[in-house]
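Reviewing the structure listed below.
The values are calculated or read from the model by the stated rules, or taken from the named source; none is laboratory data. Because the structure is a prediction, the values reported are computed rather than measured. All Cβ positions, even for glycine, are placed from backbone atoms using ideal geometry, and neighbour counts span all protein chains on display.
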Amino acid sequence: MDMATRIAQLRDEIEQHNYRYYVLDTPAIPDAEFDKLFRELQALEAQHPELLTADSPTQRVGGKPLKSFAEVRPRHGAAEPTGAGVAASHLLPQTAGFASNVSKVLHRTQMLSLNNAFSEDEVRAFDVRIREALGIAEVEYAVEPKFDGLAITLTYRDGVFVQGATRGDGSTGEDVTENLRTVRAIPLRLSKPVADVEVRGEVLMFKRDFAKLNGEQRAKGEKEFANPRNAAAGSLRQLDSRITASRHLSFFAYGIGLCEGVALPKRHDQQLALLHNWGVPVAQQHRVVCGVDGLLKFYREIGAQRAALPFDIDGVVYKVNDIAQQQQLGFVSRAPRWAIAHKFPAEEAMTTLLDIEVQVGRTGALTPVARLAPVFVGGVTVANATLHNQDEINRKKIHIGDTVVVRRAGDVIPEIVRVLNENDIPPYNISDAVKGVCPVCGSHVAKQTDESVWRCTGGLFCPAQRKQALLHFASRRAMNIEGLGDKLVEQLVDSGIVNTPADLYDSAQCGLPVLANLERMGEKSALNLLEAIGHSKRTTLARFIYALGVRNVGEATAKDLAQYFGSLDNLLAADVESLQQVRDVGPVVAQSMADFLAEAHNREVIAQLRASGVYWPEHEQRRVAELPFSGKTFVLTGTLVALTREQAKEKLEALGAKVSGSVSKKTDYVVAGAEAGSKLDKAQELGVAVLDEQQFLALLETI
């Protein structure tokens, strides 16, 4: 391909992307990809100046305005701009002292753009050029964030907001006055009645408002916005200003254009302070620094804060602070010599989705992970990205082989934000890919109706869940194996000593010689642990059920299951329907229990635990219907002397009672200890039977 053809191709491609970005608000590629195209065109035109044309994208800014809005054009023949601010890329020329008809003209001087720097070397070269041109040893710079929003100009006459417009192509903008009036951050009247002033700044959408808007879009089944910048641009360009008003847009000013009726300060930072005093919002993240070291220090500081900022930025802007020095430096083509944008590493980049791997988490959740063609984004090379779950895959219509945009912001795990190619093929399906079984242990996978996550049901067996399962099994309210904490579980699993909870009770597998040789153990610690394991063999059916770690089955539900079924064998024989007969067990909990018990691996481990000597007293095998307090509800209040409230609760539940935290007409007994409060009053009001501690103990003795 000859050079002229490549240049023409680049110009056409850039113009297409400009139109999608600035006019349609539907960018087809990430900013980083656009920057690559633009810089290639700049380089080729610099190498072949004979091919440079006036209509090249490098010679103008932005795109054509929407035909739906009235166009506003600059007045020709304006005085030479002196510069003091920045438009969409944080530049605006500044002009003073010429007559104008504000009702007809907005861009009385062009809203230009900035050259970009992508490395420290480019910033140092910029500083060298400035110092050499001014003939001074060190330059004072105004530095500020580079907002990722939509550049606008606001005209105030006698301090009253009269007109607002977008930047458009830099010369011709779109009149969006009525929509701008709905942006509450924009003052409709300045605190000082300046005769005629243009305020230049950026309309943007805060991250919290963007998340809320996309949530509303999802709820309505409508297309979501790609990012806050496009959400802001799309909202500002609504033909119905009521829609704009509902979108919660924000605004920050970063400079002054035309100004009549007041003498402007001669430094950019002072002009920002003046805007603030007039009641115009100015972002607080701006300051004055000296020399290139000050520039780079600010860049690093803002970069570190970037993820925590309430709004998106894509870099920082450096401007010579002294307005007279700006005038001396002047402009070239589409940008000033006295300002530059130092861009952050792109947070979004385009790549190919090569494959999807399903990983199993500590709780059994199946998580799809995208394997990508490596791409540099967010300052690092990314080859993997999270896909979250099946609902997200469906929403984004993701397939293996797609061209995707991947995003990495700060330390956030990279994720695919959108697919660029479109097709009608059903999206990737996790269950189909794993064929209904866990890719780690082969247990079957299940997804409950109220969840978007598929889960492995082999909780006692699955290697991916071993550590989590063991920690829960040994916890105080489960099997209560004192001394079996995180660090020890890590060693036991990583060394292959323990694969399932049943291995804890295997003296050959987990005996004194083995344990004593572990890091930070020794013989005494090993003996203590073995003693705790031995003590844990005698437990209760409720504790044993809870120790299994079934999803959605908490301590209270485990007690209800133990009381209702009376024996482990009865529970193992239960189906979903019979499980739902248990008090407070609904369809979700019943399905979780049924899925867990349907997995052969889990039953095998349960059998091994019973064979190893784990047991509970025979009287606990009585079914709930046979227990003396079955169907009775007790409420405990006040302080008991002979036993704690927790001990009293355990005794009642062991006898089939339900212990509630509040008194109602359905309460059978209220046990009132010392200093009983409002629950006792409520019981007396409702006529509920009240037992003092002695009467309660006597009742227990009769059982």
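Side notes on the structure shown:
- Any hit, region 198-207, residues being in a helix (DSSP H, G or I), out of contact with any helix residue (DSSP H, G or I) (no Cβ under 7 Å at 6 or more places or on another chain) and not assigned by TED's automatic domain parsing to the domain that holds Leu275: no
- Cβ-Cβ contacts under 6 Å between residues 6 or more apart (or on different chains), taken from a first residue in region 143-161 that is closer than 17 Å to Ala232 by Cα to a second residue that is acidic (Asp, Glu), are listed as Lys146/Asp314; Phe147/Glu202; Asp148/Asp312; Asp148/Asp314; Gly149/Glu202; Ala151/Glu202; Thr153/Glu198.
- Residue ranges of helices (runs of 4 or more DSSP H) in region 594-703 with at least 3 members of a type in the set (Val, Ile, Thr), buried (at least 18 other Cβ atoms within 10 Å of the Cβ) and out of contact with any His (no Cβ under 8 Å at 6 or more places or on another chain): none
- Tabulated pairs, region 119-133, first farther than 18 Å from Gly303 by Cα and at pLDDT 95 or above, second assigned to a helix (DSSP H, G or I) and not β-branched (Val, Ile, Thr), C-beta under 8 angstrom, 6+ apart or interchain: Asp127/Gly291; Asp127/Leu295; Ile130/Leu329; Ala133/Gln328; Ala133/Leu329
The rows are residues; the columns are (1) over 30 Å from Gln271 (Cα atoms); (2) modelled with pLDDT under 95; (3) crowded, with 16+ Cβ neighbours inside 10 Å; (4) not hydrophobic (A, V, I, L, M, F, W, C).
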site: Gly294; (1), (2), (3), (4): no, no, yes, yes
site: Leu309; (1), (2), (3), (4): no, yes, no, no
site: Asp312; (1), (2), (3), (4): no, yes, yes, yes
site: Ser333; (1), (2), (3), (4): no, yes, no, yes
site: Glu347; (1), (2), (3), (4): yes, yes, yes, yes
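- Any hit, region 517-533, residues being charged (D, E, K, R) and within 27 Å of Ala598 (Cα to Cα): no
- Any hit, region 348-355, residues being in contact (Cβ under 8 Å) with a residue 60 or more places away in the chain, under 24 Å from Glu120 (Cβ atoms) and of a type in the set (A, V, I, L, M, F, W, C): yes
- Of the helices (runs of 4 or more DSSP H) lying entirely inside region 409-525, those carrying at least 2 residues that are modelled with pLDDT of 90 or more and within 29 Å of Val576 (Cβ to Cβ) are 430-434, 466-474.
- Scope region 562-612; condition over 21 Å from Lys658 (Cα atoms) and among the charged types (D, E, K, R); matching residues: Asp569, Asp575, Glu577, Asp595, Glu599, Arg603, Glu604, Arg610
- Of everything listed in (1) under 36 Å from the mean Cα position of the chain (by Cα); (2) free of Cβ contacts under 8 Å to residues at least 60 places away in the same chain; (3) closer than 19 Å to Pro187 by Cβ, the single unmet condition for Leu274 is (1).
- Condition broken by Lys467, with the remaining ones in (1) farther than 28 Å from Ser431 by Cβ; (2) in contact (Cβ under 8 Å) with a residue 60 or more places away in the chain satisfied: (1)
- Close pairs (7 angstrom Cβ cut-off, 6 or more residues apart or separate chains): more than 11 Å from Tyr141 (Cα to Cα) and in the same structural domain as Arg267 (by TED's automatic domain parsing) in region 316-333, among the acidic types (Asp, Glu) and modelled with pLDDT of 95 or more anywhere: Val316/Glu144
- Long-range neighbours under 9 Å by Cβ, at least six apart or interchain, first residue without any contact (Cβ under 8 Å) to a residue 24 or more places away in the chain within region 666-680, second in a loop (DSSP other than H, G, I, E, B): Ser678/Val663
- Qualifying residue in region 209-222 (condition: acidic (Asp, Glu) and either surrounded by 15 or more Cβ atoms within 10 Å (Cβ to Cβ) or closer than 25 Å to Ser333 by Cβ (or both)): yes
- Pairs where the first residue, in region 473-498, is not assigned by TED's automatic domain parsing to the domain that holds Leu529 and the second is buried (at least 21 other Cβ atoms within 10 Å of the Cβ), C-beta under 6 Å, 6+ apart: none
- Leading residue by the ranking (modelled with the lowest pLDDT) among those in region 158-176 that are crowded, with 19+ Cβ neighbours inside 10 Å and not in a loop (DSSP other than H, G, I, E, B): Gly173
- Figure legend. Inter-residue proximity from region 564-579: first residues surrounded by 16 or more Cβ atoms within 10 Å (Cβ to Cβ), second residues charged (D, E, K, R), beta-carbon distance below 6 Å, spacing 6+ or different chains. Indicated pairs: Gly566/Arg622; Gly566/Arg623.
- The set of residues in region 177-197 that are part of a strand (DSSP E or B) and either free of Cβ contacts under 8 Å to residues at least 60 places away in the same chain or among the basic types (Lys, Arg) (or both) contains only Arg189.
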